[in-house]
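As structure tokens, the structure follows; a few thoughts come after it.
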Amino acid sequence: QVKLVESGGGLVQDGGSLRLSCTASGLTFNNYVLAWFRQAPGKEREFVAAISRSGGTTDYVDSLKGRFTISRDNAQNTVYLQMNSLKPEDTADYFCAADLTSGFLSSRRSARTYEYWGQGTQVTVSS
């Protein structure tokens, strides 16, 4: 019954910004660590960012620090990914994921950690 739905993807020019949203239903939202992953054509799925249950702790892949920001609104059952200074290499399908856990574990960067996934939203950055 759990459903995660991403939105906000689209086409943006090099250097532009985009905000992705992921809204969850069928779960107690604040019990879940949330994360964003992405998968570019012909590439492996890649960790982007994660956020703790309360939103007090975040984690980013090193190459994206300073450009991407993850946040969550537990009252709205929504997690966001603000993407700034976008580059063509950011082009990918972006997925949100949820993990029921007792803490913000080091395994948060592994896709295998997450029980629930959205369908993905396409982000294309033109040069």
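The values are calculated or read from the model by the stated rules, or taken from the named source; none is laboratory data. Predicted, not measured: the structure shown is a model, and the values here were computed from it. A quick note on method: Cβ atoms are made from the backbone with ideal geometry, for glycine too, and the neighbour counts reach across all protein chains shown. Protein only, heavy atoms only, side chains kept; ligands, DNA and RNA dropped before computing areas. Shrake-Rupley method; radii C 1.70, N 1.55, O 1.52, S 1.80 Å.
Structure above, values below:
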quantity: Net lengthening on full extension, Val61/Lys43 (0.36 nm per residue, minus Cα-Cα); calculated: 4.9 nm
quantity: Loop-located GluC sites (Glu not before Pro) in the range 41-125, at most 10 other Cβ atoms within 10 Å (DSSP); calculated: Glu44
quantity: Dipole-positive endmost among Phe104, Thr58, Ala35 within the chain (Cβ charges, Cα centre); calculated: Phe104
quantity: Mean Cα-pair separation over length for the chain, i.e. relative contact order, pairs under 8 Å, 6 or more apart, %; calculated: 36
quantity: Backbone N within the range 64-100 under 11 Å of label point (7 Å from Ser54 Cα along the Cβ vector); calculated: none
quantity: Under 14 Å from the Trp117 label point (7 Å along Cα→beta-carbon), backbone N, the range 64-103; calculated: 93-99
quantity: Karplus (6.51, -1.76, 1.60) ³J(HN,Hα), θ = phi - 60°, over the range 20-36, in Hz, Gly and Pro reported as x; calculated: 8, 10, 9, 10, 10, 9, x, 9, 7, 4, 6, 8, 10, 6, 10, 8, 10
quantity: Å² per residue, accessible surface of the chain at 1.4 Å; calculated: 51
quantity: Sequence of Ser54, Ser85 from largest to smallest accessible area, 1.4 Å probe; calculated: Ser54, Ser85
quantity: Rounded percent of accessible protein surface that carbon and sulfur make up, the range 38-127, 1.4 Å probe; calculated: 44
quantity: The range 55-113: relative contact order in percent, alpha carbon pairs under 8 Å with at least 6 residues between; calculated: 23
